[in-house]
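Encoded as structure tokens, the structure appears first; notes follow it.
The values are calculated or read from the model by the stated rules, or taken from the named source; none is laboratory data. As the structure is a computational prediction, the values presented were derived from the model and not from experiment. Glycine also receives a Cβ, built like all others from the backbone with ideal geometry; neighbour counts cover every protein chain displayed. Heavy atoms of the whole protein, side chains included, go into the accessibility calculation; ligands, DNA and RNA do not. Shrake-Rupley method; radii C 1.70, N 1.55, O 1.52, S 1.80 Å.
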Amino acid sequence: MKLLPLAEEVLINVLDKNVPFSLALKNCFKYKTVEKFERNIISSITGCALRHYIVFDYHIKENIGNVNLEQRISIMLALADQLFIKKFQ
């Protein structure tokens, strides 16, 4: 299963639709077959992106410019993985 689209879905629900993080995760896994280790990866990378959201958002706006929410989320997930999680190569 492709994990980044699921992580993006979780963050879109949290940031755009104001869904609580735990509910967004639960809804993401509700109708999809996702292994436990994959759930852990999605949870850790999205949680990391949310913990560092203000810093990531500031640097994206300063260095890249005005991009839409989906693009910012993709960049945030890449930054979260590269700087902290290191799950994807």
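Within the shell defined by Cβ-Cβ distances under 15 Å, the residues around E9 carry a net charge of +3, with Lys and Arg each +1 and Asp and Glu each -1. Whole-Hz Karplus values for the stretch 8-24 come out as 4, 4, 4, 5, 4, 5, 6, 7, 9, 9, 6, 7, x, 3, 5, 6, 4 Hz, taken residue by residue from phi with 6.51 cos²θ - 1.76 cosθ + 1.60 and θ = phi - 60°; glycine and proline positions read x. Measuring r between the beta carbons of F88 and R51 and using R0 = 25 Å, the FRET efficiency lands at 0.90. Bridging of K26 to aspartates and glutamates at a Cα separation below 15 Å is possible for E8, E9, E35, E38, once same-chain residues fewer than 8 apart are set aside.
Computed over the alpha carbons of the chain, Rg followed by Dmax gives 12.5, 38 Å. Summed over the residues of the chain and divided among them, the accessible surface reaches 65 Å² per residue at a probe radius of 1.4 Å. Which Cα, out of L11, I60, Q71, lies furthest along the positive dipole direction of the chain (beta carbon charges, K/R +1, D/E -1)? It is L11, whose Cα lies furthest towards the positive end. Helix 69-80: angle to the longest alpha-carbon principal axis of the chain, degrees 0 to 90, nearest 10? Rounded to the nearest ten degrees, it is 80.
Using a probe of 1.4 Å on the protein chains alone, the accessible area found for E35 is around 100 Å². Distance from the alpha carbon centroid of the stretch 34-74 to that of the stretch 1-18 works out to 9 angstrom.
Roughly speaking, to the nearest percent, how much of the chain's 1.4 Å accessible area is carbon and sulfur?
On the way: 3120 of 5780 Å².
Roughly 54 percent, rounded to a whole number.
Per the Cα gyration tensor, the stretch 1-50 maps to an equivalent ellipsoid with semi-axes of 16, 11, 9 Å, ordered largest to smallest.
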